[in-house]
Amino acid sequence: MLRRLRTPAIVLAVLLALYAFAGFVALPAAARAYAMDYLKEVYGHELAIGKLRFNPFTLRLRIENLALDTAERDRLLSFALLDANVGWRSLPERALVLQSLMLNQPFVHVHLRQDGSLNLAAAFTGEPEPEPEEEPG
């Protein structure tokens, strides 16, 4: 009886170890690299992330010291800590369901451009900042 349970137990332990490795190590590293590369290549923004941790068993995400700067080194947004606990209901519903969300020291730099648009909207559409009009004189 014990011999018949030994192989499934080993397979289950290996699968559990792979799931833990993927969630604790591979996913945070891949997410960090992808986000930094994507924002740089598509929008020219610089993303800095202090720490990014994910617990695959509790579905808890912690991001520490995130800062997003434009190509001109203007800070768009930053925060000291984002702690999100994603509910297991997210999986069957295929939608993000947050059980809790905490954001410490958020900073967002928003200003109205001369053409009436917001700088944050333009930052993610690739529109350049309009040149100031010279006054006749």
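How large, in percent, is the carbon and sulfur part of the accessible surface of the chain at a probe radius of 1.4 Å?
Details: 6260 of 10130 Å².
Percent of accessible area from carbon and sulfur atoms in the chain: 62.
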Practice prompt. Only Cα pairs under 8 Å and at least 6 apart count here; give the relative contact order of the chain as a rounded whole percent.
Written response: 14 percent
Discussion item. For the range 64-118 and the range 1-31, what is the centre-to-centre distance using only Cα atoms, to the nearest Å?
Written reply: 32 Å
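What is the local net charge at ILE63, summed over the other residues whose Cβ is closer than 15 Å to its Cβ (Lys, Arg +1; Asp, Glu -1)?
Working: positive: ARG32, LYS51, ARG53, ARG60, ARG62; negative: GLU64, ASP83.
Local net charge: +3.
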Worksheet entry | Listed residues PHE54, PHE24, PHE124, most fluctuating in the chain (Gaussian network, C-alpha, under 10 Å) | PHE124
Worksheet item: Which value, in debye to the nearest 20, describes the size of the charge dipole of the chain about its Cα centre when Lys and Arg Cβ atoms bear +1, Asp and Glu Cβ atoms bear -1, and nothing else is charged?
Response: 1960 debye
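The values are calculated or read from the model by the stated rules, or taken from the named source; none is laboratory data. Note that this is a predicted model, so its numbers are computed, not measured. All Cβ positions, even for glycine, are placed from backbone atoms using ideal geometry, and neighbour counts span all protein chains on display. Quick note on the areas: whole protein, heavy atoms, side chains included, nothing else; ligands and nucleic acids left out. Shrake-Rupley method; radii C 1.70, N 1.55, O 1.52, S 1.80 Å.
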